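Report on the following structure.
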Amino acid sequence: MMTAIMADVGLLSKCLDKVETLKEVEKKVIVTVWVLLTALTTSAQLPYFAATVGDGKLYGYSSVKVRPGINHQETYTTFQYGLGQCFATGIDLYTGPDCAYWGTLVRYGQSLSKWFNIGAEVTPSFNLNNSFRFSYLTSALYLNGAISANGRLFWCTNMWWIVNDGSDNTFSNYEYLGYNIPLKNGHGITPMVGAIHSWKMDQSVDMAAGFYYTVKNWSLYVWGNDFLKSHPRLIIGAEFVL
């Protein structure tokens, strides 16, 4: 698994198509960099927690991201398998406008107390539209813990460092507050609100909010960000643990 690039890849391509034949190579380079930046800055707005899936268990998550009013769809899917209580490995797939990336990941998570949990992930990703060429390396640090004694009110932060092939590296952070509301028959709903920003604080802070509804080993996510922009992003996702 970054703030959004405020443009449309299709519009850029139409403009570049007007460039004469001698500049075709330059056009392809610009489009490739544009698509890469779009992928890297939009792959995750949902909070990630420190814990791994658990020994011998399978975790799956898939989401679709849309911007109502424009033709800009993205998808993200991951499957992870627990290796002991603290480690997990898996694969993920991101698709966006004219791009697709496949990654393999390794995760670690440790619960130090009810108040503080720490996890980390490393994921190299490869371009499926360019002979499986290495494109970027995602490193993440996940922290979360309880605020209230019953654990229902909690905090979560994600720190992201992405090393890109052929473009500048990116550094971003998410901070969230959440509150779990238990319902009957093992159901529950958890609203969360937070902020997304660059480590450098060199651009405006983006607000993100949403909730997830849990039914035993399944959860449904409804999320959003870029609320102050002309085309906010809506994310719908589902996860399971088997």
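The values are calculated or read from the model by the stated rules, or taken from the named source; none is laboratory data. On a predicted model such as this, the values are computed, not experimentally measured, just so you know. Cβ sites come from the backbone with ideal geometry, for glycine too, and all protein chains shown count toward neighbours. Note: accessible area is taken over every heavy atom of the protein model, side chains too, but ligands, DNA and RNA are not part of it. Shrake-Rupley method; radii C 1.70, N 1.55, O 1.52, S 1.80 Å.
Can you name every one of the strands (runs of 3 or more DSSP E) wholly within the range 72-140 that holds 2 or more residues which are open to solvent by 80 Å² or more (accessible area, probe 1.4 Å) and either over 20 Å from ILE162 (Cβ atoms) or among the polar types (S, T, N, Q) (or both)?
Numbers: elements: 74-83, 87-96, 99-111, 117-127.
Filter on the range 72-140 gives 74-83.
Is it the case that some residue within the range 95-104 is closer than 26 Å to LYS229 by Cα and touching a strand residue (DSSP E or B) at 6+ places or on another chain (Cβ under 6 Å)? The answer is yes, given that some residue of the range 95-104 is closer than 26 Å to LYS229 by Cα and touching a strand residue (DSSP E or B) at 6+ places or on another chain (Cβ under 6 Å).
For every residue, the table says whether it meets (1) surrounded by fewer than 17 Cβ atoms within 10 Å (Cβ to Cβ); (2) touching a Pro at 6+ places or on another chain (Cβ under 7 Å); (3) part of a helix (DSSP H, G or I); (4) modelled with pLDDT of 95 or more.
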site	(1), (2), (3), (4)
PHE154	no, no, no, yes
MET159	yes, no, no, yes
GLU175	no, no, no, yes
MET201	yes, no, no, no
LYS229	yes, no, no, no
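So, of the residues in the range 177-199 that are of a type in the set (Ser, Thr, Tyr) and more than 24 Å from THR138 (Cα to Cα), which turns out to be least open to solvent (accessible area, probe 1.4 Å)? Only one residue tops the list, namely THR190.
Please determine, by comparing only the residues of the range 231-242 that are assigned to a strand (DSSP E or B) and of a type in the set (A, V, I, L, M, F, W, C), which one is surrounded by the most Cβ atoms within 10 Å (Cβ to Cβ). Before you say what the answer is, go through the steps one by one.
Keep residues of the range 231-242 that are assigned to a strand (DSSP E or B), which gives 233-241.
Pick out the ones that are also of a type in the set (A, V, I, L, M, F, W, C) and you get 234-236, 238, 240-241.
Details: LEU234: 16, ILE235: 21, ILE236: 15, ALA238: 15, PHE240: 14, VAL241: 16.
Of everything passing the filter in the range 231-242, ILE235 is surrounded by the most Cβ atoms within 10 Å (Cβ to Cβ).
Among the residues of the range 180-223, those that are hydrophobic (A, V, I, L, M, F, W, C) and closer than 18 Å to ASN150 by Cα comprise ILE181, LEU183, ILE189, MET192.
Test TYR142 against the stated conditions and say whether it is closer than 25 Å to THR77 by Cα and of a type outside the set (D, E, K, R). Walk me through how you get there before you give the answer.
Working: closer than 25 Å to THR77 by Cα: yes; of a type outside the set (D, E, K, R): yes.
Criteria met by TYR142.
Among the residues examined, GLY210 does not qualify as open to solvent by 50 Å² or more (accessible area, probe 1.4 Å) and closer than 20 Å to GLU239 by Cα.
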